[in-house]
1. What tally of residues in the range 162-179 results from selecting those that are charged (D, E, K, R) and in a loop (DSSP other than H, G, I, E, B)?
2. Among the numbered criteria (1) open to solvent by less than 60 Å² (accessible area, probe 1.4 Å); (2) without any contact (Cβ under 8 Å) to a residue 24 or more places away in the chain, which one does Phe224 miss?
3. Taking the conditions exactly as written (open to solvent by 60 Å² or more (accessible area, probe 1.4 Å) and assigned to a loop (DSSP other than H, G, I, E, B)), does Lys216 satisfy them or not?
4. In the range 152-161, what count of residues is obtained for those that are in a strand (DSSP E or B) and either of a type in the set (Gly, Ala, Ser) or surrounded by 21 or more Cβ atoms within 10 Å (Cβ to Cβ) (or both)?
5. Which one of the conditions (1) over 20 Å from Asp238 (Cβ atoms); (2) in a loop (DSSP other than H, G, I, E, B); (3) not hydroxyl-bearing (Ser, Thr, Tyr) does His183 fail to meet, given that it meets all the rest?
6. Check Arg222, Arg226 and return the single one that is basic (Lys, Arg), modelled with pLDDT of 90 or more and at negative phi.
7. For residues in the range 162-177 being open to solvent by 40 Å² or more (accessible area, probe 1.4 Å) and at pLDDT below 95, which is nearest to the chain's Cα centre (by Cα)?
Amino acid sequence: MDITPLILVFILIIDAVAQRTFVWQETGSPSCVRCCDNPEKPGYPSNSKVKEYISYSVPRVQARIDMTILKGSKGERGGGGDPGAAGERGVTGPQGPPGMKGQKGQTGPSGNSCKHEYSAFSVARRKSIHSSDYFQPVIFDTEFVNLYEHFNMFSGNFVCYNPGIYFFNLNVHTWNLKETYLHIMRNDQEMAILYAQPSDRSIMQSQSLMLQLQEKDEVWVRMFKRERENALYNDEFDVYIIFNGYLVKPAVD
């Protein structure tokens, strides 16, 4: 292990006000006399040298070490500290320039050039239904014909994929002493009504119409509740509630 020599530099500092020291010192210049003369004889020249205390300022010397030269070897780098708290979110910068145009994608598979210019459905409901809301769609649970699945069994809507003239027919069975009030709807508009007043006997009721539909038009059945109870009857063996529709003439020949 190398030992770095320490060099001590002493700096002499002279205080502005140093300790004063008194010393004896003879002052004056003596006259020349003969050695055989009696010094006590009158007229004998006196010696002008006298001893007196003279004060001198003696500087005080104090050693100090210059710490700047006591530099050791470089130490190892310390580890990273803990991350600081997250700052506030800055302002959103301006939009950058548009990127380069991507490469052309692969060609997709060929489609079917033959469009089906016909559509038909026939669905039924095997359970009785009471209207609990002011407006309530009729959902069907039995499928007789549903060409190309144009009738949605979950929502009770027929969706037009082939514009043209369609024929629709609705058959229901009334409930004793209860009102029967239904609408055949195109989108959100009432197109036809099927109504039967309350009676002590149940009867079969039917309603038919033709509609000219555009693509994505929807046709469905809605119950309309007023002050009286509105209901449709069906038992477990027979089918009374049936909704039919089919394309009569496409819009394009």
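1. Within the range 162-179, residues that are charged (D, E, K, R) and in a loop (DSSP other than H, G, I, E, B) number 1.
2. Here Phe224 clears every test but (2).
3. Taking the combined requirement at face value, the residue satisfies it.
4. 1
5. (2)
6. Arg222
7. Residue satisfying both the conditions and the ranking: Trp175.
Yes or no, residue by residue, for (1) more than 18 Å from Phe167 (Cα to Cα); (2) in contact (Cβ under 8 Å) with a residue 60 or more places away in the chain; (3) of a type in the set (S, T, N, Q):
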| site | (1), (2), (3) |
| --- | --- |
| Ile193 | no, no, no |
| Lys216 | no, no, no |
| Asn230 | yes, yes, yes |
| Leu247 | no, yes, no |
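The values are calculated or read from the model by the stated rules, or taken from the named source; none is laboratory data. Everything numeric in this text was worked out from a predicted model, so none of it was measured. A quick note on method: Cβ atoms are made from the backbone with ideal geometry, for glycine too, and the neighbour counts reach across all protein chains shown. The accessibility values were calculated without ligands, DNA or RNA, using every heavy atom of the protein model including side chains. Shrake-Rupley method; radii C 1.70, N 1.55, O 1.52, S 1.80 Å.
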